[in-house]
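Visitor: Shown below is the structure under consideration.
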Amino acid sequence: MRIKIFILSLCAILFTGAGCINIGGKETGPMGVYRSLDKGDTWEAVTAFPTPQGVKSIAGLKIFRIFEDPSDSNAFYLGTRGQGLFYTYDNGDSWQEVKFFSGKFIYALAVDPKDKCVIYASDGPNIYKTTDCSRSWSLVFTETRTNERFVSIAIDNSGARTVYGAQLNGDLLASKDEGKTWQTVKRFNFQLQQLEVDHKVPGRLYTASYRKGLYRSDDGGKNWITLNEELKKFSNDAFNFYRLVLNTAQKDSLFWISKYGILRSDNAGQTWTELKLLTPPGAVTILAFDINEKNPKEIYYTGSQLGDKNAHLRSTFYKSSDGGVKWETKKLPTNTLPVMIKVNAKNDSSILMGFTVLN
C-alpha cells in the first residue's frame, strides 16, 4: 500500500518522465487538475492515472469542465477539450478514463442525484447514458443539424426525474422517461451557454445566454421570465457571460459571473448586488468560481488576462472569507489558464481546480 501511494505521489509531482507517461500531448505548461487541502493556501498536482501499463499522468489534459456527483463529495468528472472523459472517486488521488469517450470533446454531463451510476454525457451533437457507472453507454439522443451541440445537461430529481438538454442555438429539450423520448419545451432563438436546475425549488430552471442574459422558469420550462432589467443597471459587460453558480446553501441565492465581475442575487434573480472586487469592472476574465457550501461566505475565483488569440498571460487566485467584502490574493500553481473551481461539499478545506490552454 505504501509503495502504491509513493508511486502515485511521485507521478503527481513529476508530470513527465520514466514511469509517468503524460496524457494529452504538447502543452505550454502543466494543465490537468490541482488540489488544495488548506482552502487555497497551497496546491498539489493530482494527476495520477493508473493503467495496466503503469501509472500515467493527466497533466496534459485540457480541462473544459469539472462536473460533480451530487451524492458523493469525492466523485468528480473531467470533461476535456477533445481528450475524452475522466473521473475520480477519491477526490483526485487517482483518475480513470472512460474509454467510450476517448478522443472526444465533452461539453456536458450530469449525474443522477438519486443514483450515481446513472450518468448522461454529451460530446456535442449526441447525448449518451450509462446506468452502470460508465461500464457501458447507450445513445439516447442525436442531433442531425450540423454545427449544433448541447451545452448543458441537467436532471430534476423531483417527480418524474426529468432530464433537460440545452443546445447552443437556444433549443431546450426535455425527457420525462429517463432519455427514451424527448420534446422541445422552449426555443429561445439565441445562443445558450448554461442550464441549471434549482433543487431547492421544484420545477425551477435557469438558462444563461452569452449575450442575452438570464431567464428563469418556475414550472419545468413551460413559461419563462427575463431577469435582465436589473442586469442592465451595471453595463453591457454584465451580458458578456462566463458562469452561473447557484448557492446551494441558501434558497433563491445565485451568482452571475460576467466580464463586468461578480453579481449576487438572494431573490432568484429579481435584483442583484455587486461584489466589490480588487480589480475594476471589466478588467479580468473570471472563468473559475465557487463558494463553500458549508460556509457560503467563503468565495473563491480566478481573474485572468488573455492576449491575442486567447493566449493566457496571467491569472490570480482570489479568496474571501466574509462574503466578498475583503479579498486575499494567492499565486496559482501553474502558468496555464484556470477554468473551474470545485469546493468539496463535505471536506470544505479541499478544493479542486482545472487548467487548460485555449490555443
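Read-outs throughout are calculated quantities, based only on the coordinates presented, and are distinct from any laboratory measurement. Predicted model only: the values in this text are computed from it and were never measured. Cβ atoms come from the backbone with ideal geometry, glycine included; neighbour counts cover every protein chain shown.
Visitor: Provide the gained length on full extension for the span D218 to K297, in nm with one decimal, where the gain is 0.36 nm per separating residue minus the Cα-Cα distance.
Guide: Result: 25.7 nm gained on full extension.
Visitor: If R₀ is 45 angstrom, what is the calculated FRET efficiency for the pair N189 and S71, using the beta carbon separation as r and rounding to 0.05?
Guide: Rounded to the nearest 0.05, the efficiency is 0.80.
Visitor: In terms of Cα to Cα distance under 18 Å, which lysines are near enough to K294, apart from those fewer than 8 places away along the same chain?
Guide: Cross-link targets: K39, K200, K251, K319, K342, K346.
Visitor: Once you've got the Cα coordinates, tell me which of K114/K331; K99/K297; K62/K330; K212/K331; K104/K232 are over 31 Å apart.
Guide: From K114/K331; K99/K297; K62/K330; K212/K331; K104/K232, over 31 Å: K114/K331; K99/K297; K212/K331; K104/K232.
Visitor: Continuing with this model, one more query. Could you line up M31, M353, M340 from fewest to most neighbouring Cβ atoms inside 10 Å?
Guide: The fewest-first ordering by Cβ neighbours comes to M340, M353, M31.
Visitor: In addition: Restrict the search to the stretch 151-201; then list the trypsin sites (Lys or Arg not before Pro) that DSSP places in a loop and that have at most 16 other Cβ atoms within 10 Å of their Cβ.
Guide: Listed in order of number, the matching sites are K176, K180, K200.
Visitor: Want the number for D308 to L358: 0.36 nm per residue separation, take away the alpha-carbon distance, what's left?
Guide: Between D308 and L358, full extension yields 16.9 nm more.
Visitor: Further, regarding this structure: Counting only helical runs of four or more DSSP H residues, what would the 222 nm mean residue ellipticity of the chain come to if each run contributes -39,500 (n - 2.57) and the total is spread over all its residues?
Guide: -1000 deg cm²/dmol
Visitor: Roughly how many nanometres apart are two label points built 7 Å out from the Cα toward the Cβ at Q53 and N147?
Guide: 3.8 nm
Visitor: Summing +1 for each Lys or Arg and -1 for each Asp or Glu, what net charge is found among the other residues whose Cβ lies under 12 Å from the Cβ of G203?
Guide: My count for the surroundings of G203 gives 0.
Visitor: On to the next question. Report, in whole Å, the centroid distance computed from the Cα atoms of the stretch 173-208 and the stretch 318-336.
Guide: One Cα centre to the other: 33 Å.
Visitor: Roughly how large, in nm² to one decimal, is the mean projection of the convex hull of the alpha-carbon atoms in the chain?
Guide: Orientation-averaged projected area of the Cα hull: 17.2 nm².
Visitor: What FRET efficiency comes out for the pair V325/T42, r = Cβ-Cβ distance, R0 = 25 Å, nearest 0.05?
Guide: Efficiency computed from Cβ-Cβ geometry: 0.55.
Visitor: Follow-up. Just to verify a number: FRET efficiency for N157 and R135, C-beta to C-beta distance, R0 = 22 Å, to 0.05?
Guide: 0.45
Visitor: Going highest first, how would you order 43-52, 105-114 by mean Cβ packing within 10 Å?
Guide: Output ranking for 43-52, 105-114: 105-114, 43-52.
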